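Below you'll find the structure, written out as structure tokens, and then a few comments.
Each reported figure results from applying straightforward, stated rules to the coordinates on display, with no laboratory input. Predicted model, so just to flag it, every value in this text is computed and none were measured. Methodologically, a virtual Cβ is constructed for each residue, glycine included, from the backbone with ideal geometry; neighbour enumeration extends over all protein chains shown.
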Amino acid sequence: MSEETQKTIVSAWNEWDPLKHVIVGRADGTMVQAPEIAVQREWTDYGFPQGKYGPYPEEMTQKAVEQMDNFAAILEKRGIRVDRPTLLDFTQTVQTPDWVQESMFGCMPPRDLLLTVGNEMLEATMSYRSRWYEYLCYRPLLEKYFKEDPNFLFGSAPKPRLTEESYKKDWWKIWNSLSEEEKWQKVEEVDWLPTEKEPLFDAADVIRCGKDIFVQKSMVTNDAGIDWLQRHYPNHRVHKVWYKEHTPWHMDTTIVPLRAGLVLFNPVRTPLQKKQYELFEKNDWEIIEAPATVLDKKRPMTFCSIWLNMNLLVLDPKTVCVEASEKPVMELLDKHGFDVVPVPFYEVSPFGGGLHCATADVYREGELEDYFPNQVEGF
Ligand code: ARG
């Protein structure tokens with residue numbers, strides 16, 4: 001039925017143009033992944049002491065699947081075409097000539113993996129071994145788009161080797177031994193896990209604002225990855241950004257553009273790349289701060305922060321999907337003239353994020369525009 005709603009056109013230049021076609025991920029079969037250099041899970045109270053891996057508890061998965069199906073139905077009812085990825089057996093051991101990894105992860109958050117800029121969808125390199133093959137879940141869709149849209153650029157960033165040389169030695173061990181003060185020192189130094197051996201980035205460390213693209217240096221994105229993106233998009237201005245945050249990964253709970261001229265900032269993760277403020281101010285963007293979440297603590301077995309309240313999906317410059325219990329965010333957006341669509345989604349948090357994470361844009365109606373004609377020297 002969705003086919004009639006919107007024929008296949010791949011195009012999106014920013015985070016807020018009218019959304020016509022989107023991919024919504026799936027929570028089925030998600031794993032607490034087997035340990036690897038980049039990831040160690042520890043949820044002893046829920047049967048996953050460090051080193052133990054396996055599927056998330058069936059009951060949790062079921063609730064997440066229901067909320068995701070409901071979200072997809074809400075979007076479809078609004079005339080947005082929704083596609084879903086193809087599941088793989090995420091319990092399987094995967095390997096390359098360089099390594100063996102005892103499990104995959106899942107495919108709840110397509111945002112982490114797929115970056116749509118203009119008529120190209122780009123598969124990010126990813127930087128976890130457990131997520132190295134996750135792109136296969138989206139291949140049936142991308143192959144279909146390739147057949148149906150003659151202008152679609154089917155892109156893939158160079159697959160990384162992810163040998164030990166891609167990660168700083170004993171990074172986690174050192175981090176865990178630091179005092180609070182020393183940790184903030186490391187934040188100032190932007191000294192994260194990946195080395196500069198090869199380009200690495202996750203698509204969710206990228207925020208698109210027309211000609212300007214912000215990329216966060218993080219636990220999953222290195223300087224080489226950001227450099228690769230700038231070379232890949234020669235007609236864009238790629239800005240490297242970093243924030244006051246412990247072990248950052250993915251930017252969509254840090255800054256969230258709502259429409260041209262309005263951006264939601266995380267009030268505690270202030271930009272350490274100060275020129276970012278300057279850029280927004282020089283171009284008359286209004287910066288508003290996200291209110292605190294209504295939750296008093298994280299959901300069980302959740303590796304995301306409590307800032308998923310600001311992980312919202314903009315449907316068009318007047319309409320935005322927000323987690324259904326997050327009244328303070330809704331009130332703020334209402335005050336700024338948005339119609340808010342409440343979507344119950346907190347059962348999905350443990351599977352890798354919120355409404356923005358759970359989606360990847362295929363088509364947003366609109367053209368490439370310059371929202372920052374006044375640039376800042378050296379940024
Ligand atoms: N590090 C972010 C937080 O926990 C992750 C948000 C998840 N985003 C995503 N695209 N999976 O606040």
Exercise. Measure up K297/K327; K7/K77; K52/K298; K168/K298; K183/K274 against 18 Å on the Cα-Cα distance and list the ones that go over.
Key: K52/K298; K168/K298; K183/K274
Quiz prompt | Cross-link pairs K240/K282; K244/K318; K20/K318 - those with Cα-Cα distance over 24 Å | solution = K244/K318
Quiz item: Given H placed on each backbone N at 1.01 Å, which residues far from M121 in sequence or on other chains put an amide H within less than 5 Å of it?
Solution: L153, G155
Quiz item: In region 1-71, what GluC sites (Glu not before Pro) fall in a loop by DSSP, with at most 15 other Cβ atoms inside 10 Å?
Solution: E42
Quiz item: Reachable aspartates and glutamates from K144, Cα under 16 Å, same-chain residues fewer than 8 places away excluded?
Solution: E3, E4, D83, E120, E123, D361
Quiz item: If you average 1/r over every pair of different alpha-carbon atoms in region 247-321 and take one over that average, what Kirkwood value in Å do you get?
Solution: 13.6
Quiz item: Which percent of Cα pairs goes in each bin when the distances of region 119-220 are cut into 5 angstrom slices starting at zero?
Solution: 2, 11, 17, 18, 17, 15, 9, 6, 4, 2, 1
Practice problem: Provide, as a two-decimal number, the C-alpha radius of gyration of region 167-288 over 2.2 N^0.38 Å, N being how many residues it has. | Solution: 1.09
Self-check item: FRET efficiency, Y53 to D227 (Cβ-Cβ, R0 30 Å, nearest 0.05)
Solution: 0.35
Self-check item: Beta bridge orientation in region 207-309: antiparallel %, DSSP, nearest 5
Solution: 45
Quiz item: Could you name the aspartates and glutamates in cross-link range of K63, using Cα to Cα under 18 Å and dropping any fewer than eight places away on the same chain?
Solution: D28, E323, E347
Quiz item: With a Cα-only, solvent-free Debye model of region 271-364, what are the log10 I(q)/I(0) values at q = 0.23 Å⁻¹?
Solution: -1.20
Quiz item: Along the three principal axes, how long is the chain when you take its alpha carbons, biggest first, rounded to the nearest angstrom?
Solution: 49, 47, 44
Exercise. Set the Förster distance to 41 Å, then compute FRET efficiency between S179 and K327 from the Cβ-Cβ distance, nearest 0.05.
Key: 0.65
Practice problem: Enumerate the aspartates and glutamates that K217 could reach by cross-link, defined here as Cα to Cα under 15 Å, with residues fewer than 8 away along the same chain left out. | Solution: D112, E188, E189, D191, E196, E198, D202, D205, D227, E245, D252
Exercise. Work out from phi, with θ = phi - 60° and the Karplus expression 6.51 cos²θ - 1.76 cosθ + 1.60, the ³J(HN,Hα) of each residue of region 266-277, listed in order in whole Hz, and give x for Gly and Pro.
Key: 6, x, 9, 8, 6, x, 8, 8, 4, 4, 5, 4
Practice problem: Just rank F303, F201, F71, F152, fewest to most, by other beta-carbon atoms within 10 angstrom. | Solution: F303, F152, F71, F201
Quiz item: For region 40-154, what's the relative contact order in percent, using C-alpha pairs closer than 8 Å and at least 6 residues apart?
Solution: 17
Quiz prompt | region 45-190 - Kirkwood radius from inverse mean 1/r over Cα pairs (Å) | solution = 18.6
Quiz item: Taking amide hydrogens as modeled 1.01 Å from N in the peptide plane, which residues meet the under 5 Å criterion relative to V32, leaving out close sequence neighbours?
Solution: G54, Y56
Exercise. Please arrange S156, S179 by counting, for each residue, the other beta carbons lying within 10 Å of its beta carbon, fewest first.
Key: S179, S156
Quiz prompt | Neighbour-count order for R231, R84, fewest beta carbons within 10 angstrom listed first | solution = R231, R84
Self-check item: Summed side-chain charge close to N70 - residues other than N70 whose Cβ falls under 12 Å, Lys, Arg +1, Asp, Glu -1
Solution: -2
Quiz item: Gain in length, L368 to V190, computed as 0.36 nm per residue apart minus the alpha-carbon separation, to one decimal in nm?
Solution: 61.0 nm
Quiz item: Which of the trypsin sites (Lys or Arg not before Pro) found in region 126-214 are loop residues per DSSP with 10 or fewer other Cβ atoms within 10 Å of their Cβ?
Solution: K169
